[in-house]
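Beneath this line is the structure, given in structure tokens, with notes to follow.
What follows is calculated from the coordinates using simple rules that are stated; it is not laboratory data. All of these numbers come straight from a predicted model, not from anything done at the bench. A quick note on method: Cβ atoms are made from the backbone with ideal geometry, for glycine too, and the neighbour counts reach across all protein chains shown.
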């Protein structure tokens, strides 16, 4: 069976990892980013350059989008020379961005008018998992669209879960963010307590791995915090954006989220101190730096 032609919009940290993986899996990939340098960089691993999202959609059977905000998704799809201009037929759009739930539903309905289906499919695992094809992908969409997406998602994800209609994937991503982003703060606190208690903090992940404290983040993120390695695999400003989205959904659904609210306060402080372009692991800087 021939592989579908893939279009990819957004060639940043995640997009670079996504497209590299797709090329390795034998897909023909056409890519676009608002940053010309990122398009040029992606050519090095085999991505065909495009001059606009519409050009991407013209070349593709399935268009994947991974950009930084709801507004950026809307611009890529419905802005000048956007995907919608080349929609129609049996094309499919898969949004891997973390996007507002109500806006996702609205955009999917608008795109459906062109004949192009929409799946919201936010991810967890970051660039390393995208490059290895081991992402967790949470999806919302019609069953027929999901069935069409599954072969491609199988090359990108260790687990691809269909949660329900359009918007359901974004709700699942907010659940993921509550679990992950509050844990960033917990790990920083635990690390600093170990250091201040004058024990060998480096032994913590192995020592606690088989107990209830063991987790993927303890194994992967804690050592980066210990080394003060804050090079971005993602950005602290994006963490704050996602936590604000958690707050909005919690307000809409009347769900108390006090832990996520505290994490948002901490990341807001981190960003206000000028650290928004560092990795989320840099939340440890609030413990390392004296109060302002």
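Which of 163, 235, 18 has the fewest other C-beta atoms within 10 Å, and how do the rest follow up to the most?
The most exposed by this proxy come first: 163, 235, 18.
Cα centroids of region 216-292 and region 11-27: how far apart, whole angstrom?
Here the answer is 26 Å between Cα centres.
Find how much the distance from residue 78 to residue 102 grows on full extension, using 0.36 nm per residue of separation minus their present alpha carbon separation; answer in nm with one decimal.
7.0 nm
So how far apart, in nm, are the two label points at residue 37 and residue 51 if each is 7 Å from Cα heading toward Cβ?
2.3
For the chain, what is the percent of antiparallel DSSP beta bridges, rounded to the nearest 5?
10
With everything on Cα atoms, drop me the angle between helix 13-24 and the longest principal axis of the chain, reported from 0 to 90° to the nearest 10.
50
If we sort 270-278, 242-250 on the protection proxy, mean other Cβ atoms within 10 Å, highest first, what's the order?
Sorting 270-278, 242-250 by mean packing, highest first, produces 242-250, 270-278.
Quick one: compute the contact order of the chain, relative version, from alpha carbon pairs under 8 angstrom and 6+ residues apart, as a percent.
Computed over the chain, the figure is 13 percent.
Stretch residue 202-residue 147 to full length: gain in nm at 0.36 nm per residue minus the Cα-Cα span?
Fully extending the segment from residue 202 to residue 147 adds 15.3 nm.
Tell me, what is the percent relative contact order of region 1-70, built from C-alpha pairs under 8 Å that lie six or more residues apart?
Worked out over region 1-70, it gives 43 percent.
Compute the angle between helix 258-270 and the longest alpha-carbon principal axis of the chain, please, reported from 0 to 90 degrees and rounded to the nearest 10.
90
What angle, in degrees between 0 and 90 and rounded to the nearest 10, separates the Cα long axis of helix 143-156 from the longest principal axis of the Cα atoms of the chain?
Once rounded, one gets 60 degrees.
So what is the relative contact order for region 142-292, in percent, with contacts set as C-alpha pairs under 8 Å and at least six apart?
This gives 27 percent for region 142-292.
What is the calculated FRET efficiency for residue 155 to residue 113, with r their C-beta to C-beta distance and R₀ = 35 Å, to the nearest 0.05?
0.70
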